[in-house]
1. Just for segment 302-322: of the residues that are modelled with pLDDT under 85 and out of contact with any helix residue (DSSP H, G or I) (no Cβ under 7 Å at 6 or more places or on another chain), which one is most open to solvent (accessible area, probe 1.4 Å)?
2. Scanning for something surrounded by 20 or more Cβ atoms within 10 Å (Cβ to Cβ) and farther than 30 Å from residue 316 by Cβ, does segment 279-299 turn up at least one residue?
3. Give, as residue ranges, the helices (runs of 4 or more DSSP H) completely inside segment 49-123 that count at least 1 residues that are loosely packed, with under 15 Cβ neighbours inside 10 Å.
Amino acid sequence: MEAAGAGAAAPGGAAGLLLRLRDKLLTWQILKTVALGQMLSLFICGTAVTSQYLAEQYEVNTPMLQSFTNYCLLLLVYTTMLALRTDNESFLQILKRRWWKYILLGLADVEANYMIVKAYQYTTLTSVQLLDCFGIPVLMALSWFILRARYRLIHFIAVAVCLLGVGTMVGADILAGRQEGEGSNVVIGDVLVLLGASLYAISNVSEEYIVKNLSRVEFLGMVGLFGTIISALQLAIVEYRDIARIQWNWKIALLFMAFALCMFGLYSFMPVVIKVTSATSVNLGILTADLYSLFFGLFLFCYKFSGLYILSFIVIMVGFVLYCSTSTWTAETVSTSLPQPASTGLDNLGLKLEEDDQEPPAASVQVTQEENGVVNSS
């Protein structure tokens, strides 16, 4: 009788474990985070498809001109909003205090966009997809030292799962014949990808710090201002011949407009997502952008389909959900020279809010599970 009772209890225990996993991994906050990440992927997909259509159908390869249109939109919208602010932190005060920092940020952002696109002329699609993932460990390292983010083992496992999904996607590309040749100079192309991925990491970490401690409008307004200036100078130097050869018609103009709107949507919406998650989780979520581009390419560019693409999408999403399921923590230090973070320093703010509902009122020492206490400055 006891053996029978034990046997009957086993399925219940397994069912209870599944319920606990479901409650941990399928919360409203995680589902919302996944949805927001996929919305960003769709914006990136739009920029990739329009760029490829311009290159293949009309032989237009002007990445700097395309980026310039996006920075102009940011300038018109967010820099204007910043200039019209009437609070203590006015546009002129921001320029006076942090102008050189935003010049460096604008330079990193502009060159990251340019280098990744330029790399396609030298190396293969496979190399770009693989080496572009180099930005994720760089981003985590920068977050560790600059944002003082601290990760748990599950976060490293989740990143490894996501990168496994990217490897599966690259394998599907090879089987489907999408390597796109060997490139004219693979070494130059690979170096450009690594530099571009590193600059993206610098830009994303800076973006996370600014939107969580200062404001989203300040970030977008300053990037719009200095990005417009830097990209205008660069396209006048390196792309003026390519621009002069464009045979303008309404279709090309429409593709440029579609690219600019997708990029503007990406830049406008990404700070909102970073505000409630983190730069690292956002970069994991947008790994699916290449898959969305592939699905559009099945109809527009006659790509071959492979079941491995579906598998890679599932693997990436599993890794992304695992990453979001557990919050990181921040090693806080008391400092009067730097502005203190306005956020909790957690990758998933929604999860932290749920935890706060069950915690006692704020005390001077904050303790998290399996971690050391950290002393707040308040």
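The values are calculated or read from the model by the stated rules, or taken from the named source; none is laboratory data. Not measured: the values here are computed from a predicted model. Cβ sites come from the backbone with ideal geometry, for glycine too, and all protein chains shown count toward neighbours. Just the protein is used for accessible areas: all its heavy atoms, side chains included, with ligands, DNA and RNA removed. Shrake-Rupley method; radii C 1.70, N 1.55, O 1.52, S 1.80 Å.
1. My answer is 302.
2. no
3. Result: 80-83, 91-119.
Residue-wise test of (1) open to solvent by 10 Å² or more (accessible area, probe 1.4 Å); (2) closer than 24 Å to residue 136 by Cα; (3) of a type in the set (Gly, Ala, Ser).
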{"position": "189", "(1), (2), (3)": "no, yes, yes"}
{"position": "197", "(1), (2), (3)": "no, yes, yes"}
{"position": "232", "(1), (2), (3)": "yes, no, yes"}
{"position": "249", "(1), (2), (3)": "yes, no, no"}
